[in-house]
1. If you go through the range A:1-22 one residue at a time, how many are under 18 Å from B:LEU161 (Cβ atoms) and of a type in the set (S, T, N, Q)?
2. Among B:GLN110, B:GLN63, which is polar (S, T, N, Q), over 21 Å from the mean Cα position of the chain (by Cα) and either closer than 21 Å to B:VAL30 by Cα or at pLDDT 85 or above (or both)?
3. Taking the criterion of being over 46 Å from the mean Cα position of the chain (by Cα) and facing chain B (nearest Cβ under 10 Å), would at least one residue in the range A:19-27 satisfy it?
4. Within the range B:110-184, considering only helices (runs of 4 or more DSSP H) that don't extend past its boundaries, which have at least 1 residues that are touching a residue at least 60 places away in the same chain (Cβ under 8 Å) and closer than 24 Å to B:LEU77 by Cβ?
5. For the range A:51-68, does any single residue satisfy the condition of being more than 7 Å from chain B (Cβ to nearest Cβ), at pLDDT 85 or above and assigned to a loop (DSSP other than H, G, I, E, B)?
6. Looking at (1) within 17 Å of B:TYR73 (Cα to Cα); (2) facing another protein chain (nearest Cβ under 8 Å); (3) in contact with a helix residue (DSSP H, G or I) (Cβ under 6 Å, 6 or more places away or on another chain), can you tell me which one B:ILE34 breaks?
7. Given the criterion surrounded by fewer than 18 Cβ atoms within 10 Å (Cβ to Cβ) and under 50 Å from the mean Cα position of the chain (by Cα), identify the matching residue among A:GLY16, A:GLY40.
8. Test each condition in (1) within 14 Å of chain A (Cβ to nearest Cβ); (2) closer than 27 Å to B:LEU122 by Cα for B:LEU77 and report the one that comes out false.
Amino acid sequence: MNCSDTDPLWIDWLYGELPAEERAALEAHRAECSRCRAAGRRLLATRGALDELAASTPRSLVRPGPTRVRPRRRTAAGIAAVLLALGGWSLAAWLWQRPDDALRKVARPQATAPREPSAAALADLTERLQSLEEMNQLLAGEIERLDESQARRDTDWHRALAGQSSDLSKRLDRIDRNLQALFQAELETTQ
Amino acid sequence: MPPTDHELMHRCREDASSFDHLVERWQPPVQRAIARLLGPTADVDDLSQEVFLRIYGARHRYQPRAAFSTWLYRIVLNVSRDAHRRRWRQRVPLVDEPWVETEDPHAAAQLSELRSGVSRALARLRPRHREVIVLRHFTDLTFSEIAEALDQPESTVKSRLRVALEKLHHELSRQGFAPQELEE
């Protein structure tokens, strides 16, 4: 056995899955080859360190508690995407409920047999509806917040513009007065 | 005798409480794997929820062809990869390793430091290398199951793991940790 022959054997050797015959051959080679002896020691040491870490890793690395959906701040693009999705969903629901048969055929796939929804499906739908309502409230709040923020920005902007405009008017007045004074002085000099 | 994972998956098509059992059974290992793949950020909660949502969404399509855990960890990998892509500019956060309770405070400090070092080194590996180490060391999957979860031949998994371990050792040495060589 030479060094290149050992390549496919190391992992099975490391995890004790190498058949006895191949293990003996590898050990014989390691006894003669310092490079492979070092490679084996590195692998064993790294595995030992990982075993140590795995042994200390808690069953769960996150705080215990029920899983939950947390509201997040949405960006304008995110809100637009959600609104589009809600719009699509509403349109589908509207199409579904229209008495127009032609539209219903378009919206609903050909059902094989009418089925009564099970209690679990109803509970699932109710939960989804509640989630949608919560999402709706969140979105409404977020849009209101954005509107307020936009209104504040608009007010600030107008105030700043008005201030700048007033400054400019004053400066123009001063320039005008200076020009008049210069003109007057020029006239007196020439007379 | 408790129901198998396959049975629970089959039952949860009609009965939502079976799915609760499945979540109860698998949430800790799933969170553990995600935390090791991405770091225990607050996202671990949301990502494990995403894993179970995907499983629930696929309950009607589920076919017990292989071990349930293989299928589950394939979903964990997909969710983790998606999350990694979403925050690819960010470094994987470090893990605060739990303090070790021993009688010798000096030994405890050394051990905790080594664990943090390994955790840090793991976080610095490329995702493909981290994945194979996490699946081998932080789950109960066999090599053939890891191969199936990664959709790679077993020989590729083993050679990738060899490279991953060498890189991990290199990272540890770079950080000044020289893992103690074990008695053979």
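1. Selection size over the range A:1-22: 1.
2. Result of the check over B:GLN110, B:GLN63: B:GLN63.
3. Checked against the condition, which is being over 46 Å from the mean Cα position of the chain (by Cα) and facing chain B (nearest Cβ under 10 Å), the range A:19-27 yields at least one hit.
4. B:127-137, B:143-150
5. Within the range A:51-68, none of the residues are more than 7 Å from chain B (Cβ to nearest Cβ), at pLDDT 85 or above and assigned to a loop (DSSP other than H, G, I, E, B).
6. Here B:ILE34 clears every test but (2).
7. Among A:GLY16, A:GLY40, only A:GLY16 is surrounded by fewer than 18 Cβ atoms within 10 Å (Cβ to Cβ) and under 50 Å from the mean Cα position of the chain (by Cα).
8. (1)
The values are calculated or read from the model by the stated rules, or taken from the named source; none is laboratory data. Computed from a prediction, not measured in an experiment: that's the story for all the values here. Reconstructed Cβ throughout: ideal geometry from the backbone, glycine too, with neighbour counts over all protein chains shown.
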